[in-house]
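Visitor: Sharing a structure below in structure tokens format, with a few things to ask.
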Amino acid sequence: MLLRVRSSQIIELRWNANTKATGYKIFRSSPESGNKEVLYKTIVGKQNHNFVDTNVKVGNIYVYNVKAYRECNGCGYSSPSNRLKCLSGLGAPAFNISTSRSKVDLVWNYNKYATRYDIYCYDKPDSLSGTKLGSTTSNRFTSPRLQPGRKLYFRVYPLYVTKQHSITGTAVNRTLTVNGNIYGKAMGDTYVEVSIDKQHMWYYKNGKLIVETDVVTGNADGWHNTPKGYFSMYQRARNTTLSGPGYSSFVEYWMAFSGGCGIHDASWRSRFGGSIYKGDGSHGCVNTPVDKVRIIYNNSDYGTPVIVY
């Protein structure tokens, strides 16, 4: 297996040693060779199974083909092709990592050559077989719910993807143990989770994601903010009217979790999520599409935890 280890101002390759080889022949195609494959380097010795190419230009694409060869009685034999495409400069992004509420948050520096990033987790630091958590074009990512107490290793791979090319860069490991607590309390396996920054809500039941949706939380004016904290549903109702100073609204589903704040449908809204809450938010409640709030209502009960952050 041919692997890229570094891809910055230099490109470093590594591969599995061939115990029957006399050495290895490295072929390279590049802009410098008119993108024609040429014999670039010969390495003698079966144990010398890595190569550092310092003759590269950042931003250029290089394709390497490593073949093990064996000389025997004046004859030469080569292994099948083992090609790998690299983009100099598509190196491992540095990233910060934190955990709470059974999820992991990652934030990294942008790579100017990356068109997207793939995020993986592994059980071992040197493993090549992991779980893909997701992809993003942003420089931040929140994982799906993970098993609390589990020690995992995370990598952020930069990718350069066009119609002509699909190139994966290098990545480094960051490790931590998944924390299932928030606000000093364990979340358990059944709860509603609301992110004000992301304007998004998830509902997990017995550890399984039942539904997720964009929402609109309290108007970010300092007076109608949705309260943050660890709460529980203490009031539930169907087909009721919510009223207060200056408003009266009929809702099909109502689940209160803090004072007069609750989760409910909002038929008067045509859009949810984004930055709507900054100027056109609720009076503190979590406005939710009716088809999504129906699922939460039908699968929850009094005492169901509601976590808002």
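Visitor: So which residues in the range 1-16 are aliphatic (A, V, I, L, M) and either open to solvent by less than 40 Å² (accessible area, probe 1.4 Å) or within 14 Å of residue 52 (Cα to Cα) (or both), if there are any at all?
Guide: Selection gives 2, 3, 5, 10, 11, 13.
Visitor: Among the candidates 31, 125, single out the residue that is closer than 29 Å to residue 182 by Cβ and surrounded by fewer than 14 Cβ atoms within 10 Å (Cβ to Cβ).
Guide: Step by step, each of 31, 125 is checked, and only 125 is closer than 29 Å to residue 182 by Cβ and surrounded by fewer than 14 Cβ atoms within 10 Å (Cβ to Cβ).
Visitor: Let me ask something additional. Could you list, ordered by first residue, the pairs with Cβ atoms under 8 Å in which the first is in the range 166-187 and farther than 26 Å from residue 59 by Cα and assigned to a strand (DSSP E or B) and the second is charged (D, E, K, R) and open to solvent by 30 Å² or more (accessible area, probe 1.4 Å), at least 6 apart or interchain?
Guide: Pairs that qualify, where the first residue is farther than 26 Å from residue 59 by Cα and assigned to a strand (DSSP E or B) and the partner is charged (D, E, K, R) and open to solvent by 30 Å² or more (accessible area, probe 1.4 Å), are 175/151; 176/151; 177/150; 177/151.
Visitor: Report yes if residue 19 is of a type outside the set (Phe, Trp, Tyr) and either surrounded by 15 or more Cβ atoms within 10 Å (Cβ to Cβ) or in a strand (DSSP E or B) (or both), otherwise no.
Guide: The answer is no for residue 19.
Visitor: Answer yes if at least one residue in the range 249-272 is basic (Lys, Arg), on the phi < 0 side of the Ramachandran plot and open to solvent by less than 50 Å² (accessible area, probe 1.4 Å), and no otherwise.
Guide: yes
Visitor: Hey, can you tell me all the residues within the range 210-240 that are at pLDDT 95 or above, open to solvent by less than 80 Å² (accessible area, probe 1.4 Å) and farther than 20 Å from residue 272 by Cα?
Guide: 229, 230, 231, 232, 233, 236, 237, 240, listed by residue number.
Visitor: Where in the range 224-291 are there strands (runs of 3 or more DSSP E), lying wholly inside it, with at least 2 residues that are of a type in the set (Phe, Trp, Tyr) and under 16 Å from residue 305 (Cα atoms)? So that I can check it myself, show each step before the final result.
Guide: Details: elements: 229-232, 235-244, 247-258, 261-265, 286-288.
Correct list: 229-232, 247-258.
Visitor: Of all residues in the range 263-309, count the ones that are more than 20 Å from residue 221 (Cα to Cα) and of a type in the set (Phe, Trp, Tyr).
Guide: 3
The values are calculated or read from the model by the stated rules, or taken from the named source; none is laboratory data. What you are looking at is a predicted structure, and each value in this text was computed from that prediction instead of being measured. In this analysis, Cβ positions are derived from the backbone assuming ideal geometry, glycine residues included, and neighbour counts consider all displayed protein chains. For accessibility, only protein heavy atoms count, side chains too; no ligands or nucleic acids. Shrake-Rupley method; radii C 1.70, N 1.55, O 1.52, S 1.80 Å.
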